[in-house]
Amino acid sequence: MEPTDVLADEPRSEMEHTLVRIWQEILGLDERIGIYDDFFDLGGHSLLAIEAAIRISGRFAVRVSVKTVFEAPTVAAMGVVIAHKRRAGTAEEAVPWLPAGADDLMADGGRLP
């Protein structure tokens with residue numbers, strides 16, 4: 001599936017802009033990604049979903065699992081999940097479920113090997 005070209009698909013908040021950049025970096029895409037484009041339709045797979053969960057958790061200080069990436073595979077849906085977690089008070093200063101040295105596992109500018 002190709003990224004959409006609809007203006008209504010533009011990021012509406014700083015959070016969505018950040019999520020679009022994360023999607024683009026992980027998927028290696030330079031072209032525009034809309035907020036309703038599906039991570040997996042754009043070339044994502046389970047290993048990249050792990051990377052997405054780690055990067056989103058770190059960037060937004062909320063616990064995002066790989067299952068969440070599968071359940072909320074668009075920028076719009078993930079933004080709703082993050083906002084809900086923040087409102088519910090489940091945002092964390094640190095994400096303790098990441099294994100010690102997880103940053104060392106990230107090679108090539110934050111991409112999993």
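FYI, it's all coordinate maths here, none of it is from the lab. For clarity, every value in this text was computed on a predicted model and none was experimentally measured. Cβ placement follows ideal geometry from the backbone for every residue including glycine, while neighbour counts extend to all protein chains displayed.
Taken over region 67-91, the criterion of being outside any loop (DSSP other than H, G, I, E, B), aliphatic (A, V, I, L, M) and farther than 22 Å from Leu42 by Cα is satisfied by Ala83, Ala91. Only residues that are of a type outside the set (A, V, I, L, M), under 12 Å from the mean Cα position of the chain (by Cα) and either loosely packed, with under 15 Cβ neighbours inside 10 Å or in a loop (DSSP other than H, G, I, E, B) (or both) were counted across region 41-66, and they come to 3.
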